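The structure under discussion appears below in the form of structure tokens.
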Amino acid sequence: MSLLATLTGCAEMDRNANANSLGERAGLHREIIVTESFALTAFTRVSRPDAPLHVYIEGDGQAWLSLTEPSLDPTPHMAVGLALAAQDPAPNVVYLSRPCQFTPMAMNPQCGIPWWTSKRYAPAVVQSMDEAVDKLVARTPGQRIDLIGYSGGGAVAVLIAAHRKDVESIRTVVGNLDTEFVNRLHDVSPMPQSENPIDYASQVATIPQVHFSGADDEVVPPSVAQRFVATVGTGCARAVTVPGLAHASDWPSHWVSLLASALPCAATGRAQ
């Protein structure tokens, strides 16, 4: 085995070992959710089938090694979405990684660089994630779901919510809620094969939602959440800027208190 292959294998082992350790400490069981397009890695804890389900969605992970060089494996070194889920005291918590993260590539032979770069929010990705949510929500029959997304997972959370009728709330943490705006901000290529969450703002307008940004975030600045909330245009969406935090700050250590923040229009919920 070459040195590069050895180092790559060790890095992958470290990422998986870190995720497993984090999940185990929170009582989250690792499993694979098979959908039509992708096999997705999940960490789950469902102890009360009669209670709502909190669904966490991971960020884009290690999509790029540099501005011009894509990664060969998008699995995050630090799974912030999983770390947020591990802080959630709710009885029913599930975490979904994004396509091609954590799951062995042999289980996803279709995985390739476009799925974590230009097609990271493509319809097939959203459909696969939504199908996984269907399988998970079947464990809590009749219960509604709360979607929580970190960074690019915030984009996916909104896109999933736009297609469902059982979403009780949406929360995003440094969520990429306007991909075209963020790409222009950083002068990077557009993603015409991906969906843009802000284009679906009207379809989630009656869902209680709060979008957390870091005041020091230069990757997805607070203006992104503010633009999204303005486009939603109802009293059900709120943008919250947290002082002193950047994109890569320790959001999990703040999560319990942020999660307890009141949701706008929560008593009304989504019109059916």
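Give T241, T206, T231 a once-over and let me know the one that is part of a helix (DSSP H, G or I), of a type in the set (V, I, T) and more than 18 Å from the chain's Cα centre (by Cα). Answer to the check: T231. In the range 249-262, is there at least one residue being more than 23 Å from Q87 (Cα to Cα) and aliphatic (A, V, I, L, M)? No, the conditions are met nowhere in the range 249-262. Residues of the range 67-89 that are part of a loop (DSSP other than H, G, I, E, B) and under 18 Å from the mean Cα position of the chain (by Cα): D73, P74, T75, P76, H77, M78, A79, D88. Checking every residue in the range 130-138 against the condition of being more than 14 Å from the chain's Cα centre (by Cα) and outside any helix (DSSP H, G or I) gives at least one match. Residues of the range 213-226 being touching a helix residue (DSSP H, G or I) at 6+ places or on another chain (Cβ under 7 Å) and either modelled with pLDDT under 95 or surrounded by fewer than 16 Cβ atoms within 10 Å (Cβ to Cβ) (or both), which ones? The one that is touching a helix residue (DSSP H, G or I) at 6+ places or on another chain (Cβ under 7 Å) and either modelled with pLDDT under 95 or surrounded by fewer than 16 Cβ atoms within 10 Å (Cβ to Cβ) (or both): A215.
When the range 104-117 is limited to residues that are farther than 9 Å from F38 by Cα and modelled with pLDDT of 95 or more, the one that is surrounded by the most Cβ atoms within 10 Å (Cβ to Cβ) turns out to be W116. Hey, among the residues in the range 162-191 that are in contact with a Phe, Trp or Tyr (Cβ under 8 Å, 6 or more places away or on another chain) and not in a strand (DSSP E or B), which one's farthest from D60 (Cα to Cα)? This residue is A162.
Is one or more of the residues making up the range 39-50 buried (at least 22 other Cβ atoms within 10 Å of the Cβ) and either at pLDDT below 95 or part of a loop (DSSP other than H, G, I, E, B) (or both)?
Filtering the range 39-50 down to residues buried (at least 22 other Cβ atoms within 10 Å of the Cβ) leaves 40-43.
Those still in the list that are either at pLDDT below 95 or part of a loop (DSSP other than H, G, I, E, B) (or both) too: none.
Checked against the condition, which is being buried (at least 22 other Cβ atoms within 10 Å of the Cβ) and either at pLDDT below 95 or part of a loop (DSSP other than H, G, I, E, B) (or both), the range 39-50 yields no hits at all.
Residues checked against (1) within 17 Å of V229 (Cα to Cα); (2) surrounded by fewer than 22 Cβ atoms within 10 Å (Cβ to Cβ); (3) touching a Ser or Thr at 6+ places or on another chain (Cβ under 7 Å):
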{"site": "M129", "(1), (2), (3)": "no, no, no"}
{"site": "G175", "(1), (2), (3)": "yes, no, yes"}
{"site": "M191", "(1), (2), (3)": "no, yes, yes"}
{"site": "A201", "(1), (2), (3)": "yes, no, yes"}
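Entry remark, the range 138-154: residues being on the phi > 0 side of the Ramachandran plot and surrounded by 22 or more Cβ atoms within 10 Å (Cβ to Cβ) number 1 in total.
With the structure loaded, tell me whether I198 is more than 28 Å from P243 (Cβ to Cβ) and among the β-branched types (V, I, T) or whether it fails that test. Here the answer is no, as I198 does not meet what is asked.
Scan L263, L159 and give me the residue that is of a type outside the set (V, I, T), closer than 25 Å to Q101 by Cβ and surrounded by 16 or more Cβ atoms within 10 Å (Cβ to Cβ). Give the steps one after another, and end with the answer.
On the way: L263 fails: closer than 25 Å to Q101 by Cβ.
So the residue among L263, L159 that is of a type outside the set (V, I, T), closer than 25 Å to Q101 by Cβ and surrounded by 16 or more Cβ atoms within 10 Å (Cβ to Cβ) is L159.
In this structure, does R171 turn out to be of a type outside the set (A, V, I, L, M), surrounded by fewer than 16 Cβ atoms within 10 Å (Cβ to Cβ) and under 22 Å from T241 (Cα atoms)?
On the way: of a type outside the set (A, V, I, L, M): yes; surrounded by fewer than 16 Cβ atoms within 10 Å (Cβ to Cβ): no; under 22 Å from T241 (Cα atoms): yes.
The answer is no for R171.
The values are calculated or read from the model by the stated rules, or taken from the named source; none is laboratory data. For clarity, every value in this text was computed on a predicted model and none was experimentally measured. We place every Cβ from the backbone using ideal geometry, glycine too, and count neighbours over all the protein chains shown.
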